[in-house]
1. Stretch residue 400-residue 36 to full length: gain in nm at 0.36 nm per residue minus the Cα-Cα span?
2. Express the Stokes-Einstein translational diffusion coefficient of segment 337-405 in µm² s⁻¹, to the nearest whole number, given a Kirkwood radius over alpha-carbon pairs, 4 °C and a viscosity of 1.567 mPa s.
3. Taking 0.36 nm per residue of separation and subtracting the Cα-Cα distance, what length does fully extending residue 48 through residue 279 add?
4. Given the peptides 288-297, 127-136, arrange them by the average over their residues of other C-beta atoms within 10 Å, most packed first.
5. Give me the compactness ratio for segment 298-360, meaning the Cα radius of gyration over 2.2 N^0.38 Å.
6. Arranged by the count of other C-beta atoms within 10 angstrom, fewest first, what order do 227, 8, 115 take?
7. Quickly rank 70-76, 391-397, 212-218 as a protection proxy: mean count of other C-beta atoms within 10 Å, highest first.
8. Grab the eigenvalues of the alpha-carbon gyration tensor for segment 40-140, scale each by 5, take roots, and send me the semi-axes largest first in whole angstrom.
Ligand code: DSN
């Protein structure tokens, strides 16, 4: 029986969400649209299967097919990231992947050094609200006045605090990471080095962002952002650290892996290994450059003055409205973004003084540089005239006319 026949309430909510994703412009930097093939694998009968353990060493029978699926995902993951030495594709999310690395590498109370949350870091990089900040002694580095990672600041804190692990990577940082420089600091203080590349993994795979492999002891990522797979996570480690990492994932922190998601991940990685994936990532970057240029022309401040990657942070500190207001104005104009803290944030995380804008999803539906410039103009108009409901409605109609021309995959 179809979903609608069994449960009209849920079916109709899914239809509303499908329409929202189709009609509005998705600019949340951590989101993307998967292909129909990835969606099919994620919705497959593999959701029925328990497979605790690793391929060939399971705690349940009947794993002969899912073993091959997980092996495909692992092999393809390592092909996507040359220099990787081992991977576990079972973490249910990026947060789970980071938690497993910490479980493998740290003892409770050990010191972890990561990027400050309000400077673009992630909750799992030692926020006091997250287990990473409750179980471990978390200290943080910050960006400099220009909005760039301050390596002098990192070195100074590392020398003073002697962390057991240094965490690189971010949720809202628009510039490249210098993993070699972090390796030198980690070596100087005897720390392990983790790169959480959840945001930039697709760019790394395409060779458009420096790779952490060869520099870091551990690398974690989600699978659903620039990598364009199903919602999930994975964790890589140097060969001699893989056994500990595998035990930290299962039985350390998870039970049965989500085999339908691992199958969908294998499909997405197969897609990412095709040459047109690098073309897509190049377009993601060109679109981000085009949007940043228009926003700067229109007088908006961008954290660090621009972007090297798929996202930019509009700093609204000097504007008479907050990030929360801006998110609402843009939402009324059919453009979905998220409010975001900016360096030296004065407002609460629920209000903020910034918005984060990303190009992965809109690029997947085929928007190019000309459309990106148009979208940035709409953003500027919607922010400049946010109190004018008629104007926001007119922008929304134009947004919908554009999105009709660029269907979402699947
Ligand atoms: N929520 C993700 C993001 O938007 O970057 C990170 O967890």
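Read the figures in this text as sums done on the coordinates, not as results from a lab. Model, not experiment: these values are computed from the prediction. Ideal geometry is used to build each Cβ from the backbone, glycine not excepted, and the neighbour counts take in all protein chains shown.
1. 128.8 nm
2. Stokes-Einstein gives a translational diffusion coefficient of 95 µm²/s.
3. 79.6 nm
4. Ranking the peptides 288-297, 127-136 by packing returns 288-297, 127-136.
5. 1.04
6. Placing the least packed residue first, the sequence is 8, 115, 227.
7. 212-218, 70-76, 391-397
8. 32, 15, 14
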